[in-house]
1. Is one or more of the residues making up the range 48-61 exposed (fewer than 13 other Cβ atoms within 10 Å of the Cβ), modelled with pLDDT of 95 or more and over 17 Å from residue 4 (Cβ atoms)?
2. Which ones in the range 75-105 are outside any strand (DSSP E or B), surrounded by 14 or more Cβ atoms within 10 Å (Cβ to Cβ) and at pLDDT 95 or above?
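The values are calculated or read from the model by the stated rules, or taken from the named source; none is laboratory data. In this text the structure is predicted, and so the values were computed from the model without any measurement. As a convention, Cβ positions derive from the backbone with ideal geometry for all residues, glycine included, and neighbour counts pool all protein chains shown.
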């Protein structure tokens, strides 16, 4: 059996890959903190919980589905475990650099 700590590291790396691969160019300019993962393994299966930041603006529903799908597939591929659940918690939205959002006023 693969330790939960190892599966968590794989999940974090997969989430970072998913954000880099599936987000638009604004994601590469945003200063996103590293995701955090919690994992429960047993019986050849893994349940994953990820807390992460996303760049703003972004389509939350689409980005969430893409991250969930990618992390699930990547963890299964690298560990041989069946991933039964990937739960996401969005910690915060980070304005992409260069957009000047910090200087805009709400009207």
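1. Going through the range 48-61, the residues exposed (fewer than 13 other Cβ atoms within 10 Å of the Cβ) turn out to be 59, 61.
Checking which are modelled with pLDDT of 95 or more leaves us with 61.
Right, trim to over 17 Å from residue 4 (Cβ atoms) and you get 61.
The answer is yes, given that some residue of the range 48-61 is exposed (fewer than 13 other Cβ atoms within 10 Å of the Cβ), modelled with pLDDT of 95 or more and over 17 Å from residue 4 (Cβ atoms).
2. Result: 75, 76, 78, 79, 81.
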